[in-house]
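Working notes, structure below.
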Amino acid sequence: MLDFGRELHGSLQIVIGPTQDKKVARLRLRFGESASEAMGNPNNDHALHDFEIFAPPMASQEYGMTGFRFARLDLLDDNLELPLVAVRAISLMHELPQIGEFRCSDERLNRIWQTGADTVALCMQDHLWDGPKRDRLVWMGDLHPEIAVVSAVWGAHEIVPQSLDWVRDQTPLPGWMNNLGSYSMWWIIIQRDWFWHHGNREYLENQRAYLTGLIQFLCEQIETNGEVSWRGREFLDWPSSKNPLHVRAGLHALLLWSLQAGAQLCEVLEENEAAKIARDGIENLKKKPPSPILESKQASALLAISGLADAAQINAQVLAQSPLSGISSFYGFYVLQARAQAGDFGGCLELIRRYWGAMLDLGATSFWEDFDLEWAQNASRIDEIPLSHQSDLHFERGDFCYKSWRHSLCHGWAAGPTAWLTQWVLGVSPLEIGCRRVQIAPHLGDLDWVEGAFPTPFGAVRVRHERGADGTVHSQIEAPREVLSLD
C-alpha cells in the first residue's frame with residue numbers, strides 16, 4: 001500500500017529486478033483517491049482502478065491512467081519472490097505557470113484557495129474534465145466554476161476554448177449540451193464571462209451562428225405569460241434534484257441569467273435581432289417569477305444572482321439560515337456569490353472555512369464531487385484506514401450516481417472558492433471587455449490583510465490591501481499601463 005501524499009493524475013511505474021527463472025509476475029493493482037478505496041474493490045468506471053497486470057523481470061513498465069493518491073499491489077503468484085526496485089507515481093499535467101496569486105492573514109483560506117487551483121489543474125487534461133478519476137468528460141455546468149478558476153489563476157489558457165468548442169461541435173442545435181438544457185445555458189454564461197475577461201473578439205465571432213441559434217431555441221421554451229415549458233431533463237445539481245419545484249425555480253432564474261449574458265454578447269456582435277429575442281425572453285420571464293423564498297439554497301442563490309429576487313432578503317431568510325446545511329460543493333459557489341451580493345462577506349468566509357475547510361481536515365488535497373458536513377461525524381480521514389469504531393467516509397457516503405468509491409474526490413466544480421476569494425476578497429474583477437478596466441473592491445471581513453495577483457491580457461494586476469489601526473483599508477495597486485483600475 002503506497003501513499004503518494006496528494007491527489008495525482010497519471011499512472012504507476014513499477015521497476016522489477018531479476019526473478020527466479022526469469023518468471024513474469026502476475027499482480028493485482030488498485031488505485032484509490034482514498035486509502036479505503038485502494039484497500040477495497042474500486043470500480044472501473046471511465047478508467048481502470050482495479051485490474052491484473054503482468055510485471056516482467058529486469059524491466060520498467062507503466063500501468064493505468066487515472067486520478068489517484070494511493071496504490072496497492074498484491075502479488076498473485078504463489079512461491080515467487082518479486083524484487084521491487086522502485087514504484088513511482090507518474091504525474092501527467094500541463095505545465096501551468098501560476099499567474100494569479102492569493103495570500104491573506106488566514107492560512108486556512110490560503111490553503112483553500114490553492115487547493116481549489118490544484119483541483120482544477122488536475123482536471124486540465126485532454127480537455128477540461130469534471131474529474132481525473134470519473135467521469136473524465138467535458139460537462140458544461142462543471143465548466144463554469146472551473147473556468148472562473150482558470151481565469152483567476154492562469155488566465156487565457158487554450159484548453160478553455162478547446163473544451164467549449166468540442167461540446168458545441170458535439171451538440172448540433174436543437175440539441176442540449178450534455179443532454180441538459182441547463183448546461184446549454186451555462187455555455188452562454190461562460191462565453192460572456194470568458195470574453196469580458198480575455199477580450200478575444202475572433203474567438204467570439206466563431207460562436208456567432210451557434211449563439212444566436214441557441215438563444216432562439218431557449219426563448220422558444222418561454223410562453224408569453226412567463227411560464228416555461230421545459231423540453232428534456234430538468235437539472236441544477238444532484239442534491240436539489242429531490243424537489244422538482246425547486247429545480248424549476250432555479251432553471252427559471254438560470255434561463256434569465258443566460259439570456260442576459262446572451263443579449264450582451266449579441267450587442268457586441270451587432271446581432272440586433274437575436275439581442276431583441278433575448279431581451280423579449282427576459283421580459284417574459286419577469287412576468288411570472290418563482291417565489292423568492294424557497295427551502296432550496298441552490299434555487300434561491302440563482303434567483304438572487306439573476307435579479308429575480310432581492311439578494312439581501314434571500315440571504316437573510318434562506319442562505320444565512322443553517323448556512324452549512326443544504327449546499328453542495330458545486331452550487332456552494334453560487335451561494336457564495338449571492339451572499340456576496342447581499343454584502344454578507346463575514347458569512348461567506350465562515351462558510352468557506354467550515355465547509356471546504358472540513359474537507360482539508362479530513363485529509364483532502366483536492367475538493368470533492370459532493371460533501372455534507374454530517375458525513376464527517378465519527379468518520380476517518382481519507383488518508384487513514386478506518387478503525388472499527390469509525391465510519392468509512394468514502395465507502396459509506398455519497399448519493400445519487402456518486403455512491404461509495406464511485407464518488408470523485410477531485411472534482412473541478414467544487415473549486416469555486418478560489419475564484420470567489422480572488423473576486424471578492426482580493427477584490428479584482430473585469431469591468432470592461434478584455435480587462436481594459438478592472439474594478440478593485442476588496443472585502444476583508446475579519447482579515448488583517450490580503451495580497452495577490454490577477455491575470456489580464458496585458459499582464460498581472462498586483463494588489464495588497466491592509467487594514468489600518470482605525471479600521472480603514474489601505475491599498476497598493478500595480479497594474480499594466482493598458483489597464484485602468486477603479487477602486
With 30 Å as the limit, write out which pairs from K242/K286; K133/K242; K22/K133 have Cα-Cα distances beyond it, or answer none.
-> K22/K133
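How large a share of the accessible area of the chain, in percent, is made up of carbon and sulfur atoms when the probe is 1.4 Å and the other protein chains stay in place?
Numbers: 9140 of 19470 Å².
Carbon plus sulfur share of accessible area: 47 percent.
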Label point distance in nm, V24-L80, each placed 7 Å from Cα along Cα→Cβ = 1.0 nm
Gain in length, R88 to L484, computed as 0.36 nm per residue apart minus the alpha-carbon separation, to one decimal in nm?
-> 137.7 nm
Within the stretch 49-101, list the GluC sites (Glu not before Pro) lying in a DSSP loop whose Cβ has at most 12 other Cβ atoms in a 10 Å radius.
-> E81, E95
Could you pull the Cα extents of the stretch 158-216 along its three principal axes, largest to smallest, in whole Å?
-> 28, 23, 17
Order H157, H9, most accessible first, counting only protein heavy atoms with a 1.4 angstrom probe.
-> H157, H9
Summed over the other residues with a beta carbon less than 12 angstrom from that of L92, with K and R at +1 and D and E at -1, the charge totals -3
Provide the solvent-accessible area of R72, counting protein heavy atoms only and rolling a 1.4 Å probe, rounded to the nearest 10 Å².
-> 60 Å²
Please identify every one of the GluC sites (Glu not before Pro) in the stretch 204-267 that sits in a loop by DSSP and has no more than 16 other beta carbons within 10 Å of its own beta carbon.
-> E220, E223, E227, E234
Spelling it out for R233: with amide H atoms placed in the peptide plane at 1.01 Å from N, the residues 5 or more places away or on another chain with amide H under 5 Å from its amide H are G181
Once every DSSP H run of n ≥ 4 in the chain is given -39500 (n - 2.57) and the sum is divided by its residues, what mean residue ellipticity at 222 nm do you get, rounded to the nearest 500 deg cm²/dmol?
-> -10500 deg cm²/dmol
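If Lys and Arg each add +1 and Asp and Glu each add -1, what is the summed charge of the other residues whose beta carbon sits under 10 Å from the beta carbon of L180?
Values: positive: R233; negative: E234.
Result for the neighbourhood of L180: 0.
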Pop a pseudo-label 7 angstrom from the Cα along the beta-carbon direction at both N43 and E220 and give the gap in nm to one decimal.
-> 3.5 nm
When the solvent-accessible surface of protein heavy atoms is calculated with a 1.4 angstrom probe, in what order do T365, T66 fall, highest first?
-> T365, T66
Would you indicate which of (1) 1.03; (2) 1.17; (3) 0.96 is the value of Cα Rg over 2.2 N^0.38 Å derived from the coordinates of this structure?
-> (1)
Between beta-carbons, use under 10 Å as the cut-off and find the net charge around R467, counting Lys and Arg +1, Asp and Glu -1.
-> -4
Can you give the accessible area per residue of the stretch 1-98, in Å², using a 1.4 Å probe?
-> 50 Å²
With the other protein chains left in place, how much accessible area per residue, in square angstrom, belongs to the stretch 144-235 at a 1.4 angstrom probe?
-> 37 Å²
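The values are calculated or read from the model by the stated rules, or taken from the named source; none is laboratory data. From a predicted model like this one, the values you see are computed outputs, not experimental measurements. When we count neighbours, we look across all protein chains shown, and the Cβ atoms used for this are built from the backbone with ideal geometry, even at glycine. Protein only, heavy atoms only, side chains kept; ligands, DNA and RNA dropped before computing areas. Shrake-Rupley method; radii C 1.70, N 1.55, O 1.52, S 1.80 Å.
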